[in-house]
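Quick notes on the structure that follows.
What follows is calculated from the coordinates using simple rules that are stated; it is not laboratory data. As the structure is a prediction and not an experimental result, all values here were calculated from the model. Every residue, glycine among them, receives a Cβ derived from its backbone with ideal geometry; neighbour counts consider all protein chains shown.
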Amino acid sequence: MSNELKIFSGSANPGLAAEIAAYLNVQMGRIELGRFPEGEVKVKIGENIRGTDCFLVQSTCPPVNDSLMELLVMIDAFRRASARRITAVIPFYGYARQDRKDQPRVPITAKLVANLVTAAGAHRVLTMDLHAMQIQGFFDIPLDHLLAAPVLIDYFKTLKIPDLMVATADVGGIKQAWQFAERLRTGLAIVDKKRSGDQDVKAMALIGDVRGRNVIIPDDMIATAGTLATAAKFLRENGAKDLYACCTHPIFSGDAVSRLKGIGFKEIVVTNTIPLPPERQLPEVRTLSIANLFGEAILRIHNETSVSSLFA
């Protein structure tokens, strides 16, 4: 058994996988991905992987169901081909917003997906900025959780924005926003919101003074941008000047693009956990690569050294 490190990519984000392989100075593994006429996922590994340490890069991004099913079929193929270890590298972990029963008769899909990945045959998972930290406990296999905040914060430091303040779009993001405020050595404001549906969001109150300040609004994801747009307008009404937004996962679903266009952000900084198609691009969006971070984590997993020390 060689224990050779190999990187394979699904169809969700091959660009990121190629960047990770380049960082590690390894060739991308050969794999054939396709569909049967009725739409079923078809996978064939194009090389011998017996006894190797395989990392399968696949974000569960739109089309979410296809991406997830492809990941599961890939894992099964690698298990049956006798890979020594299979690590599911999931830069964006879908179905994460349903992580508890907050209403009667609803599923906990974050746990369901964890069960599926485990049952398919993955030995461990590597992911980034889960929507809720408790999802780590849904897995009965080892999970390494990476943070994009250092990459985003380092970028904002280079901008040297005057009169800077950090604001969170809702109370659920206080921990992340506090991390930004602490590292950028600035104050923190909190927008309190009320949600009456999946997309209907209303700002209720502001904790903190943003008058005359340039404000960064961090979040783990931008989906329909309803929360972000509401918070940004509310901050403007309360005297904020230039507005910046940042997130790890730019889903940009539904009316997100038109909502973001209407705000007039100075810059929207995102990472490449999810590839942005041309129709979802905006002039003010700047994409930062997290390939080197994933590459270093993969190398440490392969060599059985600490991953957490990346963020020490």
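A few notes on this one:
- Along its principal axes, the chain has C-alpha extents of 63, 43, 35 angstrom, given from the largest down.
- Gyration tensor over alpha-carbon atoms, segment 1-134, equivalent ellipsoid semi-axes in Å: 26, 16, 14
- A Gaussian network model of the chain, with springs between Cα atoms under 10 Å, assigns the largest mean-square fluctuation among Glu267, Glu40, Glu70 to Glu40.
- Under 5 Å from the amide H of Gly187 lie the amide H atoms of Val166, each residue being 5 or more positions distant or on a separate chain, with H modelled from the backbone and absent for Pro and chain starts.
- Within the shell of other residues whose beta carbon sits under 10 angstrom from the beta carbon of Lys266, the net charge comes to -2, with Lys and Arg scored +1 and Asp and Glu -1.
- Here is the tail figure for segment 149-288: Cα pairs spaced more than 27 Å apart come to 11 percent of all pairs.
- Compared with the direct C-alpha span, the chain from Ala22 to Glu237 gains 72.8 nm at full extension, assuming 0.36 nm per residue.
- Net charge contributed by nearby residues that have their C-beta within less than 9 Å of Ala240 (K/R +1, D/E -1): +2
- For the pair Leu276 and Asp102 in one chain, pulling the backbone fully straight at 0.36 nm per residue adds 59.5 nm over the alpha carbon distance.
- The chain, relative contact order in percent, only Cα pairs under 8 angstrom and at least six apart counted: 14 percent
- Quotient of the Cα radius of gyration of segment 47-119 and 2.2 N^0.38 Å, N being its number of residues: 1.25.
- Between Leu143 and Val125, the built amide H atoms are under 5 Å apart, and every one of these is 5 or more places off in sequence or on another chain.
- Summing charges over neighbours of His249, with a neighbour being any other residue whose Cβ is under 10 Å away from its Cβ, gives -3 when K and R count +1 and D and E count -1.
- Contact order normalised by residue count of segment 149-288, Cα under 8 Å, 6+ apart, percent: 20 percent
- Taking label points 7 Å from Cα along the Cα-to-Cβ direction, Leu112 and Arg286 give a separation of 4.0 nm.
- Added length on full extension, which subtracts the Cα-Cα distance from 0.36 nm per residue, Val64 to Lys160: 30.8 nm
- Applying 1/(1 + (r/R0)^6) with R0 = 41 Å to the Cβ-Cβ distance of Arg84 and Lys261 gives a FRET efficiency near 0.25.
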